[in-house]
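> Attaching a single structure in structure tokens format; questions to follow.
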Amino acid sequence: CIRDRHYTYNSLNKAFFATKGTYFKAGVSRSLLHAIYLKGTDETIAPIEGNTNGFTKLNLNFEKRIAFNKKITGFIKANTNFIFEDQLDSNDISFNDYGYAGKYSLGGYIQNNRNNSYLFSGLHEDELTVNQFMELSLAAQFTPINKIYIVPHFSLASVGFTDFGEYMEDAFWPTGNWTEKLDTSTLMSVGATLSYHSLLGPVNFDVSYVNEINKVRLYFSVGLLFNSSN
């Protein structure tokens, strides 16, 4: 159970494929109830049950879009998302080890993501779970034909899998491999998206390369995601 407060400013001129405006959201969340029950498929291993140490989350999300002309729009996005853990008491179960549901998820190309889930092209939906991350994305939106969009994009993130203090030691000079989910790492994606604004919502076909896995991945989606949480 998490209690949160947030502030949102939105001057984007469209819900999808905006050509100008600014979006900013700041939020602070505090865990009130943080009990877990974890049972594996191996019946010989006892379930893990109890309370984790508490935590506070800080989120800052920014996007700016500028129309260079009728056909081309440039935009920049920046996200910072941190988790500050309380001291681990003797009876606590480690949030860092078992608090999966309270962490951040990266991946996919769904525009109106669930709360604590963030778009990152080239990753599968919610593929990477992290405790901390800072991200910067640059993109250009070309409109060769009405309702058809071509968006080349580049994203760079510093991701961490431990507490805030340890993350900040290497946040700006990461040396880890994000696939191992141990040390602070660089996550990078470069690619392009072909989109069509249909009556059902955006139709997206994305091709992106992601570092460390050295793969080019394809992503396809149609329409809107319902029941998302803000």
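The values are calculated or read from the model by the stated rules, or taken from the named source; none is laboratory data. Please read all numbers here as calculations on a predicted model, not as lab measurements. Positions of Cβ are backbone-derived with ideal geometry, glycine not excepted, and every protein chain shown enters the neighbour counts. Quick note on the areas: whole protein, heavy atoms, side chains included, nothing else; ligands and nucleic acids left out. Shrake-Rupley method; radii C 1.70, N 1.55, O 1.52, S 1.80 Å.
> In the stretch 183-201, which residue that is at pLDDT 95 or above and in a loop (DSSP other than H, G, I, E, B) is farthest from Ile145 (Cα to Cα)?
Filtering the stretch 183-201 for residues that are at pLDDT 95 or above and in a loop (DSSP other than H, G, I, E, B), the one farthest from Ile145 (Cα to Cα) comes out as Asp183.
> I'd like the residue in the stretch 120-138 that is buried (at least 19 other Cβ atoms within 10 Å of the Cβ), touching a Phe, Trp or Tyr at 6+ places or on another chain (Cβ under 8 Å) and among the aliphatic types (A, V, I, L, M) and, out of all such residues, is farthest from Leu106 (Cα to Cα).
Only one residue tops the list, namely Val130.
> For the stretch 159-191, give me each residue that is closer than 23 Å to Tyr219 by Cβ, crowded, with 17+ Cβ neighbours inside 10 Å and among the charged types (D, E, K, R).
none
> Let me ask you something else. Of the numbered conditions (1) over 26 Å from Thr129 (Cα atoms); (2) out of contact with any Gly (no Cβ under 9 Å at 6 or more places or on another chain); (3) free of Cβ contacts under 8 Å to residues at least 24 places away in the same chain, Lys70 satisfies every one except a single condition; which is it?
(3)
> Among (1) crowded, with 17+ Cβ neighbours inside 10 Å; (2) modelled with pLDDT of 95 or more; (3) more than 26 Å from Tyr100 (Cβ to Cβ), where does Asn204 come up short?
Among (1) crowded, with 17+ Cβ neighbours inside 10 Å; (2) modelled with pLDDT of 95 or more; (3) more than 26 Å from Tyr100 (Cβ to Cβ), Asn204 violates only (2).
> Identify all residues within the stretch 92-126 that are part of a strand (DSSP E or B) and among the hydrophobic types (A, V, I, L, M, F, W, C); write none if there are none.
Ile93, Leu106, Phe120
> What strands (runs of 3 or more DSSP E), lying completely within the stretch 1-91, carry at least 2 residues that are open to solvent by 50 Å² or more (accessible area, probe 1.4 Å) and of a type in the set (A, V, I, L, M, F, W, C)?
Result: 21-31, 35-38, 55-67, 72-85.
> Go through (1) within 25 Å of Leu136 (Cβ to Cβ); (2) within 23 Å of the chain's Cα centre (by Cα) for Gly99 and report which single condition fails.
In the conditions (1) within 25 Å of Leu136 (Cβ to Cβ); (2) within 23 Å of the chain's Cα centre (by Cα), Gly99 misses (1) alone.
> Then there is this: Residues Thr129, Thr179: which one is polar (S, T, N, Q) and not in a strand (DSSP E or B)?
Result: Thr179 is the single residue among Thr129, Thr179 that is polar (S, T, N, Q) and not in a strand (DSSP E or B).
> For the list (1) among the acidic types (Asp, Glu); (2) touching a strand residue (DSSP E or B) at 6+ places or on another chain (Cβ under 9 Å); (3) free of Cβ contacts under 8 Å to residues at least 40 places away in the same chain, I need the number of the one condition that Glu85 fails.
(3) is the only condition that Glu85 fails.
> I've got another one for you. Return the residues of the stretch 147-166 that are under 20 Å from the mean Cα position of the chain (by Cα) and not in a strand (DSSP E or B); say none if nothing qualifies.
The answer is Phe161, Thr162, Asp163, Phe164.
> Of all residues being basic (Lys, Arg) and under 18 Å from the mean Cα position of the chain (by Cα) in the stretch 167-224, which is nearest to Thr19 (Cα to Cα)? Just the residue, please.
Arg217
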